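Peer 1: I am attaching a structure below and will ask some questions about it afterwards.
The values are calculated or read from the model by the stated rules, or taken from the named source; none is laboratory data. Just so it is clear, the structure is predicted and the values come from calculations on it, not from any experiment. Note that each Cβ is placed from the backbone with ideal geometry, even for glycine, and that neighbours are counted across all protein chains shown.
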Amino acid sequence: MRAPIILAVCAAIGAVSLATAAAADPYYYRNSDGSWTNSEYNDGNCHIYYSHNAYDGETHVNRYGDCANVAVGPNGEAYQVATPAVVIQQY
């Protein structure tokens with residue numbers, strides 16, 4: 001009786017691990033052409049388009065989805081931002 005339960009739990013853990021591994025590899029693309037720098041970031045939850053024209057200083061950043069944990073650097077690179085731990089102290 002315990003063997004099927006253990007196998008089911010192992011299969012569930014394996015499925016979660018595969019899903020996490022697939023989500024852990026975000027897509028990032030960056031291209032520069034003349035005065036334009038374009039980049040795109042997509043991790044499944046957040047999709048960011050960044051475009052900067054160095055000639056006239058025009059910059060556009062479009063964000064779609066939950067991008068609360070992603071910051072865009074000055075050159076268009078996307079960075080994962082670690083969420084700080086929240087400590088609640090009761091008196």
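Peer 1: Can you give me the number of residues within the range 52-79 that are within 24 Å of ASP25 (Cβ to Cβ) and in contact (Cβ under 8 Å) with a residue 24 or more places away in the chain? Please lay out each step first, then the result.
Peer 2: So in the range 52-79, the residues within 24 Å of ASP25 (Cβ to Cβ) come out as 61-73, 75-79.
Keeping just the survivors that are in contact (Cβ under 8 Å) with a residue 24 or more places away in the chain gives 70, 72, 75-78.
Of the residues in the range 52-79, 6 are within 24 Å of ASP25 (Cβ to Cβ) and in contact (Cβ under 8 Å) with a residue 24 or more places away in the chain.
Peer 1: If you go through the range 20-27 one residue at a time, do you hit one that is over 21 Å from the mean Cα position of the chain (by Cα), at pLDDT 85 or above and in a loop (DSSP other than H, G, I, E, B)?
Peer 2: no
Peer 1: Let me ask something else. In the range 45-74, which residues are assigned to a loop (DSSP other than H, G, I, E, B) and either loosely packed, with under 13 Cβ neighbours inside 10 Å or hydrophobic (A, V, I, L, M, F, W, C) (or both)?
Peer 2: Selection gives ALA54, TYR55, ASP56, GLY57, ASP66, CYS67, ALA68, GLY73, PRO74.
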